[in-house]
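J.: My questions all concern the structure below.
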C-alpha cells in the first residue's frame, strides 16, 4: 500500500467519518472501498464504450463455412484435410537420421 495525504472538504470529511462509524471500519478503509467501487464502475464504462464491442457478432448472419479457424489451410490453399496431417510436411523436409554421426 501507498500512503497518501489528502485534503477533504468539511462535507466529505463528515461523510467519511459517519460511514466509518456505521460500518465499523477506519476512515481509510471506507475511502479505499469507495475508491474501489468508483474504479470498477469507471472501468466498466470504458469497456462498454470501446468500439471493438460493436464488431462482436458482425458476421453472424453472413452465410459461409463455420469451420474456417479449424481448417484454415483448406480454405487458403485448397488442401484437402487428409493431406494436412501433423507429420506429413515434416517428413517431406526431414533428413535421414544416418546423415548425422558422432565421428
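J.: If packing is taken as the mean number of other Cβ atoms within 10 Å per residue, what is the order of 70-79, 53-62, highest first?
T.: Averaged packing, sorted descending, gives the order 70-79, 53-62.
J.: Name the shape class, rounded, prolate or oblate, that the alpha-carbon gyration tensor gives for region 10-50, where a ≥ b ≥ c are the square roots of its eigenvalues, rounded holds for a/c under 1.5, and otherwise prolate holds if a/b is larger than b/c and oblate otherwise.
T.: It is prolate, given that a/c is not under 1.5 and a/b is the larger ratio.
J.: Give me the one-decimal nm value for the distance between modelled label points at residue 36 and residue 12, 7 Å along each residue's Cα-to-Cβ direction.
T.: 2.1
J.: While we're looking at this one, here's another question. Full extension from residue 5 to residue 23: what is 0.36 nm times the residue separation minus their Cα-Cα distance, to one decimal in nm?
T.: Extra length available between residue 5 and residue 23 comes to 4.2 nm.
J.: If you stretched the chain out fully between residue 45 and residue 75, how much longer would it get, using 0.36 nm times the residue separation minus the C-alpha to C-alpha distance?
T.: That pair, residue 45 and residue 75, stretches by 6.9 nm at full extension.
J.: Sort 35-41, 63-69 by the packing proxy (mean of other Cβ within 10 Å over each peptide's residues), most packed first.
T.: In decreasing order of mean packing, 35-41, 63-69 become 35-41, 63-69.
J.: Hey, another quick one. What nm distance separates the two modelled labels at residue 66 and residue 52, each placed 7 Å from Cα along Cα→Cβ?
T.: Label at residue 66, label at residue 52, 2.6 nm between them.
None of the figures in this text is laboratory data; all of them are computed from the coordinates on show. Not measured: the values here are computed from a predicted model. Ideal geometry is used to build each Cβ from the backbone, glycine not excepted, and the neighbour counts take in all protein chains shown.
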